[in-house]
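Enquirer: The structure under discussion is supplied below as structure tokens; questions concerning it will follow.
Values quoted throughout were computed directly from the atomic coordinates according to the rules given, and no laboratory measurement underlies them. What you see is a predicted model; the values in this text were computed from it and never measured. Positions of Cβ are backbone-derived with ideal geometry, glycine not excepted, and every protein chain shown enters the neighbour counts.
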Amino acid sequence: MAMATPLSARSILERRLNDPWLLGCDSQRFWRILGQRIGELEQYPPPTRVLLADSDPVQFLAGFFAACATGHPLFLGHAGWSTPEWENAVRVVQPDLVWSKSSSETGYDRSCPDRSPRQSDWLDEMDAPICIPTGGTSGQLRFVVHTWDTLLASVQGMQAHFDVDAIHSYCVLPVYHVSGLMQAVRSLVTGGMLAIASPKDLTPIPLDLDPRNTFLSLVPTQLQRLLAQPNDLRDVAQFRAILIGGAPAWPALLNQARQHHLPLAPTYGMTEAASQVATLHPEEFLAEATHVGRSLPHVRLTVVDSEEQRLAEGQLGRIQIQADSLAWGYYPGEPWRSRLFLTDDMGVLDTAGHLCIQGRYSNKIITGGENVYPNEVEAAILATGLVRDVCVLGQPDTTWGEVVTAIYVPQSEADCEEAIAALLRSQLSPFKIPKRWLAQSSLPRNAQGKLNRVALRQQLIPIAEIPATDQILDSPTA
């Protein structure tokens, strides 16, 4: 059983027992289910692995906090997993209990096979690991291994960054995702209120919730839908801050939000750091800042070169994180030996400590020996005002290795690639300007607003042999 230290999950739950902290749902139902789950888990000796995947947010949160309070290893899942995904999750996790909408109270989901005896590993030696799913770059299921202490460090970092005590949250993101889960943890731990609403319906705001003291978190596609409904913006503009993350928000979207005076707080975060790493304050956003602000107090950021040596301010490199909220490793996998985490993100730190994200290292294009980062080129193309959306990819080429290729959605039929390229010549080095262009009516994005680069690469296959717009024998650096 977990020890009840002052900031332990158990002691916080005891302090807030029967508190109506949930809005938009039945708080007392949460406390009833929590008591049932804790009673159930106390019948099992740790480590009893729990796989939690419930579509009901109240049941999900009750199960989550019950496992945290009792010290059992917890794996978070998605109730919408297909049967093969469920089978894979059970194979990876080897749970003792599965809590999901279709499972029995103490048994496996009926679609899951009985497991064979589990061989003990490093996870069983940890104190109450909290394992949050991530696909990673390979797309294979794996979990980011956190503890209550790493989640707590993230909460305290946000409190200090925004200089608040109680964090009230208006949650329209799934609680099985770190962006939704951490809203619940922040509110419970700090004595705040949590309102749970539909991801597609941000209004009406509960009367018991004062938006001026409340944080809203959105992904770019939600912000885009919100901006298409001007009648709802008056209430939303009153929030203390609107954290925007999950995927890069495009400049036109951010400019539109500024025009409506929305208190956006663009955020750089990740599951590995229990959400926030750096966040821009709303007043800086409204003053035209284009970065993601400074790191939170519990985070130390550096930008490093290919040898992991620290770079000076203003130099582009990979972002490296040291944080009290940093996870302990991936599962399956080995625990991390270092408390430094080298991300796949490229960025620049200025002299004031502001972080500017410049895309993904793994998306880097190497053309004629020169490095091109798609995010920089996409931003320049969007800044021309001639496109509504764009994705820049590297296309295999026998001469240059890769050529820079742009798949774009023009603002109008009159906006052609020649006009766009002409405007880019004063903004980008010649080797960064796309040599191939493909106009589309729309680009595929997921629910978080991230471009589906795999699908877009497949669209490039039929034009792989089309010559680039520049002379093939011209150097891409000329």
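Enquirer: Treating the stretch 249-351 as a set of equal point scatterers at the Cα positions, no solvent, please give the Debye-formula log₁₀ I(q)/I(0) at q = 0.11, 0.21 Å⁻¹.
Expert: The Cα Debye sum returns log10 ratios of -0.40, -1.11.
Enquirer: Rounding to the nearest 10 and keeping the result within 0 to 90°, find how far the Cα-based axis of helix 83-93 lies from the longest principal axis of the chain.
Expert: Long axis of 83-93 versus the principal axis of the chain: about 70 degrees.
Enquirer: Find the Cα radius of gyration of the stretch 9-128, compare it with 2.2 N^0.38 Å by division, and give the number to two decimals. Write down the numbers at each step before the final one.
Expert: On the way: Rg = 14.5 Å, N = 120, 2.2 N^0.38 = 13.6 Å.
So the Cα radius of gyration is 1.07 times the expected 2.2 N^0.38 Å.
Enquirer: Next up: Please list, short to long, the whole-number percent of alpha-carbon pairs of the chain in consecutive 20 angstrom bins beginning at zero.
Expert: Using 20 Å bins, I get a P(r) of 22, 53, 23, 2 for the chain.
Enquirer: Moving on. Per residue and in cubic angstrom, what volume does the convex hull of the Cα atoms of the stretch 364-463 have? Write down the numbers at each step before the final one.
Expert: Details: hull volume 10.0 nm³, N = 100.
It is 100 Å³ per residue.
Enquirer: Rule-of-thumb check for the stretch 149-361: C-alpha Rg over 2.2 N^0.38 Å?
Expert: Working: Rg = 17.0 Å, N = 213, 2.2 N^0.38 = 16.9 Å.
My calculation over the Cα atoms of the stretch 149-361 gives 1.01.
Enquirer: Given contacts defined as C-alpha pairs under 8 Å and at least six residues apart, what's the relative contact order of the stretch 364-463, whole-number percent? Please list the in-between numbers first.
Expert: Values: 160 pairs, mean separation 26.0, N = 100.
Dividing the mean separation by the residue count of the stretch 364-463 yields 26 percent.
Enquirer: Based on DSSP, what percent of beta bridges with both residues in the chain are antiparallel, to the nearest 5?
Expert: Of the beta bridges lying entirely in the chain, close to 60 percent run antiparallel.
Enquirer: So if we plug the beta-carbon distance of D165 and D19 into 1/(1 + (r/R0)^6) with R0 = 22 Å, what FRET efficiency do we get, rounded to 0.05? Don't skip to the answer; put the middle values down first.
Expert: Working: r = 16 Å, r/R0 = 0.71.
Between D165 and D19 the formula returns 0.90.
Enquirer: Highest mean first, what order results for 191-200, 450-459 on Cβ atoms within 10 Å? Kindly include the intermediate steps, with their values, before the conclusion.
Expert: Numbers: 191-200: 18.0, 450-459: 14.6.
The densest-packed peptide leads the list: 191-200, 450-459.
Enquirer: Checking the cross-link filter: which lysines have an alpha carbon closer than 18 Å to that of K432, excluding same-chain neighbours under 8 positions apart?
Expert: Once the sequence-local lysines are set aside, what remains near K432 is K364.
Enquirer: Oh, and also: Return the Rg/Rh ratio of the stretch 38-90 with Cα-based radii and a Kirkwood Rh. Show your work: numbers first, answer last.
Expert: On the way: Rg = 11.6 Å, Rh = 11.7 Å.
Radius of gyration over Kirkwood radius for the stretch 38-90 works out to 1.00.
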